[in-house]
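First comes the structure, then the notes that go with it.
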Amino acid sequence: MIALKEIRKSFGRHEVLKGIDLEVEKGEVVAILGPSGSGKTALLRCISYLERPGSGRMQIGDVAVDCSHPSKKDIHRLRGRSAMVFQQYHLFRHKTALQNVMEGLVVVQNVPKEEARLRSVELLGKVGLGAKLDAYPSQLSGGQQQRVGIARALALDPDVILFDEPTSALDPELVGEVLAVIRKIAREGITMIIVTHEMAFAQEVASRIVFMDDGAVIEEGPASEFFRSPREERTRQFLRRMTPEAVYNI
Amino acid sequence: MGTSVDVSYVFEYFFRLLPSVGITMKIVVLSLLIGSAVGMLVALPRLYRIPVLQRLSQVYVSFFRGTPLLIQLFLIYYGLPELLKLAAIDVSRMPVLVFVVTAYALHSGAFISEAIRAAVGAVDRGQVEAGYAIGMTGFQAFRRVVLPQAIAVAMPVLGNLIIANLKDTSLAFSLGIMELTGKAQTLPTMSQRFFESYLALALLYFILSFILEKLLYRLERRLLRHEAADGAAASRIRRRRVKEGDASGRLNLTEEGALR
Ligand SMILES: Nc1ncnc2c1ncn2[C@@H]1O[C@H](COP(=O)(O)OP(=O)(O)OP(=O)(O)O)[C@@H](O)[C@H]1O
Ligand SMILES: [Mg+2]
């Protein structure tokens with residue numbers, strides 16, 4: 001479904017992704033963990049092609065691209081297969097919640113307006129914002145904005161939704177409502193890659209954990225095993241730092 | 001000349017000036033329409049850092065901002081026909097108004113391009129990326145995400161430009177255009193009541209500016225309706241802007257995906 005092969009990315013002389021291999025099956029929920037600066041955001045941005053990988057091969061759904069020399073058409077098609085939920089939401093501020101969700105359908109996928117509207121209303125209902133259709137982002141709380149962001153991603157019916165720390169810009173009391181929505185769509189079998197620092201959430205919602213450090217995948221495995229018996233020393237160190245005993249020792 | 005101000009002349013001239021409002025507004029509207037298109041075109045090379053064009057647009061802006069409008073009017077009136085003659089285009093029968101509108105359009109175009117450039121820089125990069133992420137092309141992201149917000153941000157500056165443009169049209173009489181100011185100078189030739197005529201003229205400009213100001217203010221409110229009206233939310237937005245400005249840097253359109 002999604003296959004990354006030897007993805008490399010450098011900023012100047014600094015190589016931040018050192019040959020990432022990653023496969024994600026349809027319906028899988030993969031959580032990416034790792035210390036700050038390990039390249040998690042860089043990886044998601046490469047998958048969504050907001051950043052150009054220097055080399056490697058990438059396949060999402062039926063679109064395959066050689067990252068050394070992609071054509072503009074490849075990039076555009078690849079971007080069409082994934083959707084992104086940003087840490088800072090990045091909603092279109094001059095558009096209402098409903099318009100934010102409709103935008104991709106109408107402008108990119110050329111869905112007729114009325115149909116796009118119905119689908120968007122339904123999706124906003126699903127993320128619990130049925131009463132906020134006409135609110136502008138400035139009139140919504142952070143948690144509500146992020147849920148609009150999730151609806152906007154869902155609307156495109158992508159092969160994978162990429163989440164980059166979807167709750168880390170939120171006030172603590174708003175984290176729960178967003179995690180609840182992600183949990184809900186995870187159960188619906190939507191393929192997701194989630195970068196998060198919420199260990200308990202990763203353990204609960206992800207079927208597989210990928211641990212990155214210093215631009216490389218250090219260890220990966222089923223969520224249950226990963227937390228119970230991490231193989232690598234670096235993983236153990238990270239988990240010791242990140243998790244209270246209660247979670248670590250389950 | 002009379003010893004004191006005769007208000008009845010002020011009234012009379014005021015009403016006799018009214019028909020000339022049309023020609024003044026014609027210059028304003030035409031030059032702003034063309035100027036906006038020019039300003040847009042001139043802003044693009046600098047926003048997208050297109051090598052040679054970027055320099056050219058800089059020179060254009062510096063010239064039209066750095067020389068008096070009156071001189072620009074004369075340069076274009078006398079210079080443009082010569083220039084076009086080189087291209088074997090004869091414009092000797094062209095109405096003067098065409099040159100006047102051209103001059104005002106080029107003049108305001110320079111200011112408009114600067115306003116657009118600054119305002120585009122104020123729209124955060126994250127929204128453009130969100131546009132790309134939902135599959136927009138660079139052009140779609142610019143047109144649907146950046147431009148509407150940039151125009152809203154630029155509205156106060158554009159508003160000042162429009163008012164300034166209205167007042168600047170008073171220079172057009174120096175090329176013999178019978179707009180408001182030109183008319184106001186011919187009205188009192190018999191009565192010699194020049195002061196009354198200029199007073200009526202000032203009053204008329206003031207009323208026009210006042211109406212424009214009100215209209216522009218309403219437009220600005222409309223364009224910014226997405227930024228919550230209440231003070232608390234507004235200051236939250238400002239804080240957020242500042243924060244994001246630090247974090248993600250200014251919008252850099254030269255990056256991947258811009259304007260394809
Ligand atoms: N635009 C950029 N220019 C130069 N270096 C960058 C850029 N973006 C990221 N980096 C560098 O790439 C490395 C990986 O950064 P990345 O943002 O992917 O880390 P991360 O794992 O997401 O960290 P965090 O948990 O703090 O979000 C870091 O060393 C960072 O300094
Ligand atoms: Mg990150």
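The values are calculated or read from the model by the stated rules, or taken from the named source; none is laboratory data. These numbers come from a predicted model, not from an experiment. Positions of Cβ are backbone-derived with ideal geometry, glycine not excepted, and every protein chain shown enters the neighbour counts. Side chains included, ligands, DNA and RNA excluded: accessible areas come from the protein's heavy atoms. Shrake-Rupley method; radii C 1.70, N 1.55, O 1.52, S 1.80 Å.
Of all DSSP beta bridges confined to the protein assembly as shown, the antiparallel ones make up roughly 60%.
Just add up the charged neighbours of A:GLY128: K/R +1, D/E -1, any other residue whose Cβ is under 10 Å from the Cβ of A:GLY128. Net charge around A:GLY128: +3. Across the accessible surface of the protein assembly as shown, with the other protein chains kept in place and a 1.4 Å probe, carbon and sulfur atoms take up 58 percent. When you work out D = kT/(6 pi eta Rh) for the protein assembly as shown at 37 °C and 0.692 mPa s, using the Kirkwood radius from C-alpha pairs as Rh and the Stokes-Einstein form, the result is 123 µm²/s. Pair-distance distribution of segment B:105-212: all C-alpha pairs, bin width 10 Å, starting at 0; shares per bin in whole percent are 13, 29, 22, 16, 12, 6, 2, 0. With contributions of -39500 (n - 2.57) from each DSSP H run of at least four residues, the per-residue ellipticity at 222 nm computed over chain B stands at -24500 deg cm²/dmol. Surface listing: A:MET84, B:MET190 arranged by accessible area from highest to lowest gives B:MET190, A:MET84, probe 1.4 Å. List for segment A:103-135: residues with 50 Å² or greater reduction in accessible area, all protein chains versus chain alone, probe 1.4 Å? Residues losing area: A:VAL107, A:VAL108. Computed over Cα pairs, the Kirkwood radius of chain B leads via Stokes-Einstein (1.567 mPa s, 4 °C) to a diffusion coefficient of 61 µm² per second. The equivalent ellipsoid that matches the C-alpha gyration tensor of segment A:1-98 spans semi-axes of 22, 18, 15 angstrom, in descending order.
Ordered from highest to lowest accessible area with the whole protein assembly present and a 1.4 Å probe, A:LYS18, B:LYS167 read as B:LYS167, A:LYS18. Over the residues of chain A, the helix contribution to mean residue ellipticity at 222 nm works out to -11000 deg cm²/dmol, using -39500 (n - 2.57) for each DSSP H run of at least 4. The lysines whose alpha-carbon is closer than 22 Å to the alpha-carbon of B:LYS183, local same-chain residues fewer than 8 away aside, are B:LYS26, B:LYS167.
Segment A:1-52 and segment A:99-147 have their alpha-carbon centroids 29 Å apart. Largest accessible area first, the listed residues B:THR189, B:THR67, B:THR169 line up as B:THR189, B:THR67, B:THR169 when surface is computed with a 1.4 Å probe on the assembled protein chains.
A loss of 20 Å² or more of accessible area (1.4 Å probe, protein heavy atoms, ligands and nucleic acids excluded) relative to the isolated chain is seen in these residues of segment B:111-134: B:GLY126, B:GLN127, B:GLU129, B:ALA130, B:TYR132, B:ALA133, B:ILE134.
Count Lys and Arg as plus one, Asp and Glu as minus one, and take only other residues whose Cβ is under 12 Å from that of A:VAL24; the net charge is then -4. Along the charge dipole of segment A:95-155, pointing to its positive end and built from +1/-1 on Cβ of Lys, Arg, Asp and Glu, which listed residue (A:ILE150, A:VAL121, A:VAL106) has its Cα farthest out? Selected residue: A:ILE150.
Both radii come from the Cα set of segment B:177-230: Rg as radius of gyration, Rh as Kirkwood radius; their ratio Rg/Rh reads 1.33. Computed with a 1.4 angstrom probe on protein heavy atoms, the A-B interface buries about 2700 square angstrom of accessible area in total. Within a straight-line Cα-Cα reach of under 23 Å, A:LYS26 can be paired with the following lysines, leaving aside sequence neighbours fewer than 8 residues apart in one chain: A:LYS5, A:LYS40, A:LYS126, A:LYS184.
Partners of A:LYS9 within straight-line reach, counting aspartates and glutamates whose Cα lies under 19 Å from its Cα and excluding those fewer than 8 residues away in the same chain: A:ASP21, A:GLU23, A:GLU51, A:ASP66, A:ASP74, A:ASP164, A:ASP213, A:ASP214, B:GLU129, B:GLU255, B:GLU256. Normalised Debye scattering of chain A at q = 0.07, 0.12 Å⁻¹ gives log10 I(q)/I(0) of -0.24, -0.70, counting only Cα atoms as equal scatterers and leaving out solvent. Surface analysis of chain A yields an accessible area of 42 Å² per residue, using protein heavy atoms and a 1.4 Å probe.
Indicate the residues belonging to segment A:142-187 that lose 10 Å² or more of solvent-accessible heavy-atom surface (probe 1.4 Å) upon moving from the chain alone to the assembly of all protein chains, ignoring ligands and nucleic acids. SASA drop of 10 Å² or more in segment A:142-187: A:ARG152, A:LEU156. Converting the Cα gyration tensor eigenvalues of segment B:1-119 into ellipsoid dimensions via √(5λ) gives semi-axes, longest first, of 35, 20, 13 Å. Computed on the Cα trace of segment A:96-164, the radius of gyration divided by the Kirkwood hydrodynamic radius gives Rg/Rh = 0.94. Contact order for chain A, expressed relative to its length and based on alpha carbon pairs under 8 Å spaced 6+ residues apart, stands at 25 percent. Remark: segment B:157-211 carries 46 Å² of accessible area per residue (probe radius 1.4 Å; ligands, DNA and RNA excluded). Using a cutoff of 8 angstrom between alpha carbon atoms and counting only pairs six or more residues apart, the relative contact order for segment A:115-180 works out to 33 percent. Segment B:48-189: D in µm²/s via Stokes-Einstein (Kirkwood Rh, Cα pairs, 37 °C, 0.692 mPa s)? Rounded, D is 184 µm²/s. Electrostatic bookkeeping for A:GLU165 treats Lys and Arg as +1 and Asp and Glu as -1; over the other residues with beta carbon under 11 Å from its beta carbon, the sum is -1.
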